[in-house]
1. Using only Cα atoms, tell me the angle between helix 218-228 and the longest principal axis of the chain; keep it within 0 to 90° and round to the nearest 10.
2. Separation between the residue 89 and residue 49 pseudo-spin-labels, each 7 Å from Cα along Cα→Cβ, expressed in nm?
3. Figure the gain on full extension for residue 188 and residue 168 (residue separation times 0.36 nm, minus the Cα-Cα span) and round it to one decimal in nm.
4. Please compare each pair in 171/256; 56/171; 132/256; 56/132; 52/171 to a cut-off of 27 Å on the Cα-Cα distance and tell me which ones are over it.
5. What whole-number value in Å² describes the accessible area per residue of the chain for a 1.4 Å probe?
6. With label points built 7 Å along Cα→Cβ from the Cα atoms of residue 21 and residue 133, find their separation and express it in nm.
7. Around residue 76, what is the net charge, scoring Lys/Arg as +1 and Asp/Glu as -1 over all other residues with Cβ under 12 Å from its Cβ?
8. Under the Karplus relation 6.51 cos²θ - 1.76 cosθ + 1.60, θ = phi - 60°, what is the ordered set of whole-Hz ³J(HN,Hα) values for segment 253-262, x standing for Gly and Pro?
Amino acid sequence: MRLVSFIHEDRPSYGLSVDGDTFRLPEATYRRFPDLATLLGHNGQSDPELVKPSGKVTPDALLPPIPAPGKILCVGVNYLPHIREMGREPPDKPLVFVRFANSVVGHGAALAMPPNSEHYDFEGELALVIGKRCQRVAREDTEAVIAGFMPFMDGSVRDFQRHTTQFTAGKNFWRSGAAGPALVTPDEVGDVRQLRLETRLNGELMQSASVGDLVFDVPALVAYCSSFTRLEPGDVIVTGTPGGVGAARTPPVWLKPGDRLEVDLGRAGTLANVVEPESGPLV
């Protein structure tokens, strides 16, 4: 199953993606569950009557599958080639930082080129979405709390990222990251370790790795994150990027307006976005 969130007739909604088409769900589903995270939290996606297609629509725009997650927990330096290219040592524990919801756009939306930096970089990643409230989950029990998977672009403004030892500033520029197009349920993804992650910039392959090469794998990350915070339905864990980022190349490859990025995760979908100059209200 591929669950999507979108704008239709100027209103946010959610539904199903089937063979490239978007469908609304029964009205009874929306009365009970106003957003996708709420549906996940009540295990509503497992009820065929709640998630059956109920009319094809043409969305005005796709949103991130979870448009306003309570937490976006990102993991840094979690593939050995990326650890080496960034001049770091393998961590003893997962290196976790946070992203804000307004730093992430959906599939097909424009990424915003920061006006105050030229060091805007790409990081293709696998993200997972939590489906049940949980805390201190044992590794062997993590499968039961994962609602699904999706591609993620963890756009990084490298000079701001390196202002301090904390990553926060460089990882939270407005509209600098992306998620989607759909939340793909585990039954459709299969063994997540068999997925291949590829990032393409203007059609050129920049990153390619097996998800099985993660230093801390999906069960380890869910167990670790749930050890220090209570995870809620709709929370997102972003698992890290492989080697090949722009900052590590000679010369560096920075994103610029007009660039097109694709993060391809095979059965979990392909996320595509273009980079445009930042626009919007300034105070």
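1. 90
2. 5.9
3. Numbers: separation 20, 0.36 × 20 = 7.20 nm, distance 3.34 nm.
This chain segment gains 3.9 nm when fully extended.
4. Among 171/256; 56/171; 132/256; 56/132; 52/171, the Cα-Cα distance tops 27 Å for 56/171; 132/256; 56/132; 52/171.
5. 45
6. Each label point is offset 7 Å from its Cα along the Cβ direction, giving 3.8 nm.
7. Working: positive: 88, 93, 99, 171; negative: 123, 125, 154.
Value of the local net charge: +1.
8. 10, 9, 5, 8, x, x, 5, 10, 10, 10
The values are calculated or read from the model by the stated rules, or taken from the named source; none is laboratory data. Given the structure is predicted, the values throughout are model-derived calculations rather than measurements. Heads up, the Cβs are rebuilt from the backbone with ideal geometry, glycines too, and the neighbour counts pull from every protein chain shown. For accessibility, only protein heavy atoms count, side chains too; no ligands or nucleic acids. Shrake-Rupley method; radii C 1.70, N 1.55, O 1.52, S 1.80 Å.
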